[in-house]
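Below is one structure, written out as structure tokens, with a few remarks after it.
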Amino acid sequence: MSDGFVEGRNVVSLEGAGGEAMRFPVLQDVENYWDSLRGDRQVPKRAELDPRRIQSALSTSFILERLAPGIARFRLAGSHLNELMGMEVRGMPLTCFFLPESRKRVSNSLEQVFDAPAKAWLTLAGDRGIGKPPLDACLLLLPLRGDTGDINRALGCLSTMGPLGRAPRRFDIRSTAVTPILSDGSLQVPETIPNEWPARKETARFEPLGLAEPMRGFRPSPHRPPRTERPHLYLVKTED
């Protein structure tokens, strides 16, 4: 495959990925290598990867391990990801690279990559602040079969455009293009979901868990009778 997604056996345009492969060619190199590995299969095996075939992308590439629905951690990560976070990211969840309001969409994309299975392209914008200039980025996620034969690994690449600035740099999602892979190895037309579109209703299994439990809502004690009158402030005066 040269430029584009494959639908059946024909090459089509990169419209589903928003043309980001042209701005971030290293991601296209990784996708082309992944496609060459899988051939007519849905997904290649993790053990088949040869880092020497994507030497130009090693600093921006990584391997994810699926831990639970919507959660995947870094098993291996290139030096560029460590520079973005300002620390070693191996063992950390993928969502650590995203602003809180974008983490649910990342979890949703991860589930489609592992369960459909599917390819995912996410166009990103870096957070802004003191010492944090504009930073464009693009993330590619590609499913892999682990040693057990389950699709529980993913090959990824995170490429940026612009000065990194002060770490850590986290990202918001501009758009997502998901391309399901059919059982015969062909691809469906990618589904593009711009960031400004209304969020689709999703089940609770896509809620990002991260390192903290979800906040629980307040529930009044069942043993306390409901308040039927307006609250009062009582002044108690004491004299010595």
**Asked** Could you say whether any residue in segment 121-139 is open to solvent by less than 50 Å² (accessible area, probe 1.4 Å) and under 14 Å from residue 64 (Cβ atoms)?
**Response** yes
**Message:** Here are the criteria: (1) in a loop (DSSP other than H, G, I, E, B); (2) open to solvent by 10 Å² or more (accessible area, probe 1.4 Å); (3) touching a Lys or Arg at 6+ places or on another chain (Cβ under 8 Å). Tell me which single one residue 167 does not satisfy.
**Reply:** (3)
**Fill in**
Contact list, first residue from segment 147-170 and in contact (Cβ under 8 Å) with a residue 12 or more places away in the chain and among the charged types (D, E, K, R), second anywhere and open to solvent by 40 Å² or more (accessible area, probe 1.4 Å) and not in a loop (DSSP other than H, G, I, E, B), beta-carbon distance below 6 Å, six or more apart or interchain, is 153/46
**Qualifying positions in segment 19-45 - more than 20 Å from residue 55 (Cβ to Cβ), open to solvent by 70 Å² or more (accessible area, probe 1.4 Å) and acidic (Asp, Glu)** = 40
**Message:** Looking only at segment 87-107, count every residue that is open to solvent by 10 Å² or more (accessible area, probe 1.4 Å) and out of contact with any Ser or Thr (no Cβ under 8 Å at 6 or more places or on another chain) and tell me the total.
**Reply:** 11
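The values are calculated or read from the model by the stated rules, or taken from the named source; none is laboratory data. This is a predicted model, so every value here is computed, not measured. Every residue, glycine as well, gets a Cβ built from its backbone with ideal geometry; the counts of neighbours run over all protein chains shown. These accessible areas exclude ligands, DNA and RNA; they are computed on the full protein's heavy atoms, side chains included. Shrake-Rupley method; radii C 1.70, N 1.55, O 1.52, S 1.80 Å.
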